[in-house]
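Participant: Okay, here's the structure, questions in a sec.
The values are calculated or read from the model by the stated rules, or taken from the named source; none is laboratory data. Since the structure is predicted, the reported quantities are computational estimates derived from the model, not experimental observations. Here Cβ is always computed from backbone atoms with ideal geometry, including for glycine, and neighbour counts include all displayed protein chains. The accessibility values were calculated without ligands, DNA or RNA, using every heavy atom of the protein model including side chains. Shrake-Rupley method; radii C 1.70, N 1.55, O 1.52, S 1.80 Å.
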Amino acid sequence: TSENRVDFRDLVKDLAADSKKVEIYTTDYFIHWGFIKLFKHQRLNRTFYVGGETQDEMGTYMLKKGDKEPFVVYIPNFRGYLSTRFSSLFYFWRAHTVFKYKGNEITKIKVELPTDESESFELIKNPKGFDFRLSQSGEILKQFDTTKVVALLSSFVEMNYERVARNISKVEKDTIFSRQPSFIVSVTDNKGKVNTLKTFVKLNDPNSIAKDKNDFYQIFDINRCYALSTMSKDTLVMQFFVLDNVLQPASYFMLKTK
């Protein structure tokens with residue numbers, strides 16, 4: 001109907017004024033003759049514009065370049081709109097990797113607790129496995145909980161951060177990052193390269209520190225922490241669920257004596 005056509009025109013105007021341009025490139029060859037492919041290059045395959053969500057928030061308006069009318073695009077069985085999946089922020093697309101190692105690439109893991117050096121330790125690779133050495137005394141434990149150590153080692157197969165921390169409050173900068181980290185975790189690979197992660201507590205609500213200093217669960221985020229990594233220049237937010245097997249003191253890995 002004419003009413004719908006007017007709506008389409010309004011939508012096109014909205015997309016022209018406020019949308020994200022997406023270009024899709026594919027690999028092509030200048031010479032493609034049978035099995036002969038020469039001079040590979042990238043070719044712009046398609047361009048479309050991503051607009052806002054529909055009124056019921058179940059779809060997203062998109063317009064393909066060259067078309068006169070936009071489409072409502074959705075993912076079957078997914079409730080929500082898609083515009084957030086086309087972010088133009090570079091850190092949204094960047095890999096979230098903190099640690100990523102194959103088992104035979106690790107030669108040493110060092111876990112430090114700056115506030116209690118007696119709980120710091122090292123796992124040092126030997127021909128049969130790993131030695132467990134207490135950092136303060138230099139003692140190598142003859143026995144330790146191998147199940148927990150295996151869980152720790154498996155955490156470094158691939159460990160990712162949740163997101164980059166943005167707009168960190170002055171309260172947090174002054175009260176958290178001015179202090180020593182909670183844990184320092186360093187991994188040395190078979191080429192001698194060291195990758196270090198430092199964790200810091202994260203406030204649940206920066207303003208809550210002034211309300212009730214005795215309520216730990218109110219002040220601190222019990223699910224996430226801040227982290228600084230040699231793999232990133234940014235301050236990161238990580239989940240304790242991901243770090244659970246790693247952020248443990250030496251005593252956690254010792255066998256209990258009867």
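Participant: Inside the range 140-152, can you point out the residues that are in a helix (DSSP H, G or I) and either free of Cβ contacts under 8 Å to residues at least 24 places away in the same chain or open to solvent by 40 Å² or more (accessible area, probe 1.4 Å) (or both)?
Facilitator: 146, 147, 148, 150
Participant: Give me a count of the residues in the range 167-204 that are under 15 Å from residue 107 (Cβ atoms) and outside any strand (DSSP E or B).
Facilitator: Of the residues in the range 167-204, 4 are under 15 Å from residue 107 (Cβ atoms) and outside any strand (DSSP E or B).
Participant: Across the range 173-188, what is the number of residues that are farther than 14 Å from residue 98 by Cα and either modelled with pLDDT of 95 or more or buried (at least 19 other Cβ atoms within 10 Å of the Cβ) (or both)?
Facilitator: 4
Participant: Give the residues of the range 67-87 that are of a type outside the set (A, V, I, L, M), outside any loop (DSSP other than H, G, I, E, B) and open to solvent by 60 Å² or more (accessible area, probe 1.4 Å), sorted by residue number.
Facilitator: Result: 71, 84, 85.
Participant: Turning to a different aspect of this structure: Mind telling me which of the residues 253, 241 ends up being under 20 Å from residue 156 (Cα atoms), at pLDDT 90 or above and open to solvent by less than 20 Å² (accessible area, probe 1.4 Å)?
Facilitator: Criteria check complete, one pass: 253.
Participant: While we're here: State all residues of the range 199-231 that are at pLDDT 55 or above, farther than 17 Å from residue 170 by Cβ and of a type in the set (Ser, Thr, Tyr); if no residue qualifies, say none.
Facilitator: The answer is 199, 229, 230.
Participant: Right, something else. Looking only at the range 7-20, which residues are exposed (fewer than 14 other Cβ atoms within 10 Å of the Cβ) and touching a strand residue (DSSP E or B) at 6+ places or on another chain (Cβ under 6 Å)?
Facilitator: none
Participant: Can you tell me which condition residue 40 does not meet? The list is (1) farther than 26 Å from residue 88 by Cβ; (2) more than 37 Å from the chain's Cα centre (by Cα); (3) not polar (S, T, N, Q), and all the others hold.
Facilitator: (2)
Rundown of residues vs (1) within 26 Å of the chain's Cα centre (by Cα); (2) under 30 Å from residue 189 (Cα atoms), yes/no style:
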position: 8; (1), (2): no, no
position: 60; (1), (2): no, no
position: 73; (1), (2): no, no
position: 76; (1), (2): no, no
position: 81; (1), (2): yes, no
position: 109; (1), (2): yes, yes
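Participant: Here's another thing I want to ask about it. Condition first: part of a helix (DSSP H, G or I) and open to solvent by 60 Å² or more (accessible area, probe 1.4 Å). Now tell me which residues in the range 153-166 satisfy that. Walk me through it before giving the result.
Facilitator: Looking only at the range 153-166, we keep the residues that are part of a helix (DSSP H, G or I), and these are 153-154.
The one that is part of a helix (DSSP H, G or I) and open to solvent by 60 Å² or more (accessible area, probe 1.4 Å): 154.
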